[in-house]
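The values are calculated or read from the model by the stated rules, or taken from the named source; none is laboratory data. Nothing here was measured: the structure is a model prediction, and the numbers come from that model. Neighbour counts are summed over all protein chains in view; Cβ atoms, including those assigned to glycine, are modelled from backbone coordinates with ideal geometry. Accessible surface areas use protein heavy atoms only, side chains included; no ligands, DNA or RNA. Shrake-Rupley method; radii C 1.70, N 1.55, O 1.52, S 1.80 Å.
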Amino acid sequence: MALVILAVALPTVWLSGVGAAAQDQGQRAGLAAEQTLVWTADNSYTEYKSAPTTATAGPVTIVFETNASTGNTYGMTHTLTFDDDSPGYNHDVDVNIMASPFDTSGGRHEVQVTLTPGTYRYYCEIPGHAGMVGELVVTSAEPTDTTPPQVSASVTGDKNADGDYVDSAAVTISATDDESGVETVEYALDGGAFQAYSAPVPVDQVGEHTVRYRATDKAGNTSEVQSVTFTVVAPQPEDTTPPEVSASVSGDKNADGDYVDSAAVTISATDSESGVETVEYALDGGAFQAYSAPVPVDQVGEHTVRYRATDKAGNTSEVQSVTFTVVATPPAETPLTVTAASRCVGSSAYVAVTAVNDGDVPATITLTTPYGTKTVADVAPGKQAYQSFNTRAGQIGAGKATVTGTSLINGEQVTTSYEAAYNAISCG
Ligand SMILES: [Cu+2]
């Protein structure tokens, strides 16, 4: 019953004044208030029962409560009023909450505001409550994102063989920020000022270029300036000249200029403009095919290799050709120079046979005539085997001497036969 009596005793002007004029700045910003600051008052008119002293800048829910639960058992009316004119304080919120245990909110009121860094002064406006005053210090919100964005650049365009961009290039810059997110991307071309990046930057002036770039996140962290350097060159005049192409044949040649056993055809092509795209060859009337390495030809006979080259601009050279002959390796032999002659010694006819070893190794040489046989072993290179055969006749007809030479060639015994003719002779 005591509470009811006290309520009746309250000045009605204060009761009707409930509903402080506080701007809903937090709601206006569309942001949920993350902080709640609570002031309470009790029966004292010299100090608030409790009051916050510090806060973080940003949206705040301010609660002012004075009722039985906060110790206000006299039905006393208080206000929480933010100073709006004293020098040295923030005046950017309008808080003036009047509260009484028996007002329509039961003495508990909330307003949304957005606090900024600085100090707010607050007090109770009720006459005689001048001691109810305090300060609220608001500090900047701690930035949670302290990492700058990751930023990279790529250059695209038609490149020539030197890696330069022909006619133009485009620089694409990408930035990511895992925390607060990317706020701005900037670039500067060739020492110019940084400017906002929004789309790939075309660069078509001939010369070397450097694009510097950086990105900043929503928390204000800016990446280190990075750069990419590239060169733009003028387009080359159209290439209408086919490649120069040539072929060479290599291998072991014999005295006739023929290739013994096999030959290899090497084709070379150059193109000073667009460059060589393909080299082709065709062996002995076959189809053209891509050339990549010297072409071996080991079939015995005459061969023709045709060849041509095409440049990157599509110009193909005239078909040229090279012709050569491959011969089989001659069989191994024991080389001898053999001579035979008939002559008279007194009234007797003799047949003299000589065989010179023309080889590089010793040879066993056998001289054979109708009048006898003679074998000479180990005839050194350049030396000869000789025998004058007594026919035991005064006259003989023409005939032939047979000579065989045997030597070790490449690990094999090679025997070669020769014949040498001698004339008829009549002695005495
Ligand atoms: Cu008061």
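Of the strands (runs of 3 or more DSSP E) contained entirely in the range 42-84, those carrying at least 2 residues that are touching a Ser or Thr at 6+ places or on another chain (Cβ under 8 Å) and away from the ligand (no atom under 12 Å from the Cβ) fall at 54-56, 58-65. Within the option set 12, 70, being hydroxyl-bearing (Ser, Thr, Tyr), over 26 Å from residue 140 (Cα atoms), modelled with pLDDT of 90 or more and more than 60 Å from the chain's Cα centre (by Cα) holds for one residue only, 70. Against the conditions (1) within 16 Å of the ligand (Cβ to nearest atom); (2) open to solvent by 60 Å² or more (accessible area, probe 1.4 Å), residue 178 satisfies every one except (1). Residues in the range 328-347 that are touching a strand residue (DSSP E or B) at 6+ places or on another chain (Cβ under 6 Å) and surrounded by fewer than 19 Cβ atoms within 10 Å (Cβ to Cβ): 7 in all.
As a summary of the residue check, residue 162 satisfies the conditions (1) part of a loop (DSSP other than H, G, I, E, B); (2) open to solvent by 40 Å² or more (accessible area, probe 1.4 Å); (3) farther than 30 Å from residue 277 by Cβ except for the one numbered (3). You will find that of 390, 315, 357, the residue that is out of contact with any Gly (no Cβ under 6 Å at 6 or more places or on another chain), open to solvent by 40 Å² or more (accessible area, probe 1.4 Å) and either under 30 Å from residue 248 (Cα atoms) or not assigned by TED's automatic domain parsing to the domain that holds residue 249 (or both) is 390 and no other. Please go through (1) of a type in the set (Gly, Ala, Ser); (2) within 16 Å of the ligand (Cβ to nearest atom); (3) open to solvent by 30 Å² or more (accessible area, probe 1.4 Å); (4) not in a loop (DSSP other than H, G, I, E, B) for residue 134 and return the number of the only condition it doesn't satisfy. Evaluating residue 134 over (1) of a type in the set (Gly, Ala, Ser); (2) within 16 Å of the ligand (Cβ to nearest atom); (3) open to solvent by 30 Å² or more (accessible area, probe 1.4 Å); (4) not in a loop (DSSP other than H, G, I, E, B) leaves (3) as the failure.
Remark: residue 140 matches the filter, which requires a residue to be away from the ligand (no atom under 16 Å from the Cβ) and either open to solvent by 40 Å² or more (accessible area, probe 1.4 Å) or not assigned by TED's automatic domain parsing to the domain that holds residue 38 (or both).
In this structure, residue 88 qualifies as more than 16 Å from the ligand (Cβ to nearest atom) and either under 30 Å from residue 197 (Cβ atoms) or surrounded by fewer than 15 Cβ atoms within 10 Å (Cβ to Cβ) (or both). Comparison of 266, 278 shows that the only residue that is hydroxyl-bearing (Ser, Thr, Tyr) and touching a Pro at 6+ places or on another chain (Cβ under 6 Å) is 266. Inspection of the range 261-277 finds no residue satisfying the criterion of being free of Cβ contacts under 8 Å to residues at least 40 places away in the same chain, at positive phi and out of contact with any Gly (no Cβ under 7 Å at 6 or more places or on another chain). Scanning the range 104-124 for residues that are in a strand (DSSP E or B) and without any contact (Cβ under 8 Å) to a residue 60 or more places away in the chain turns up 108, 110, 118, 119, 120, 121, 123. In a residue-by-residue description of the range 373-385, the property of being open to solvent by 40 Å² or more (accessible area, probe 1.4 Å), farther than 22 Å from residue 415 by Cα, of a type in the set (Gly, Ala, Ser) and outside the structural domain of residue 298 (by TED's automatic domain parsing) applies to no position. Against the criterion of being open to solvent by 10 Å² or more (accessible area, probe 1.4 Å) and farther than 19 Å from residue 125 by Cα, residue 52 does not qualify. Among the candidates 127, 101, single out the residue that is outside any strand (DSSP E or B), open to solvent by less than 30 Å² (accessible area, probe 1.4 Å) and either at pLDDT 95 or above or not assigned by TED's automatic domain parsing to the domain that holds residue 184 (or both). Exactly one residue qualifies, and that residue is 101.
All conditions but one from (1) in contact with a Phe, Trp or Tyr (Cβ under 8 Å, 6 or more places away or on another chain); (2) open to solvent by 30 Å² or more (accessible area, probe 1.4 Å) apply to residue 267; the one that does not is (2).
Scanning the range 91-114 for residues that are aliphatic (A, V, I, L, M) and within 12 Å of the ligand (Cβ to nearest atom) yields 97, 98, 99.
Each residue in the range 165-194 was checked for being aromatic (Phe, Trp, Tyr) and assigned to a loop (DSSP other than H, G, I, E, B), and 1 pass. Scanning the range 194-245 for residues that are under 19 Å from residue 181 (Cβ atoms) and surrounded by 12 or more Cβ atoms within 10 Å (Cβ to Cβ) returns 197, 213, 214, 215, 216, 217, 218, 219, 220, 221, 222, 223.
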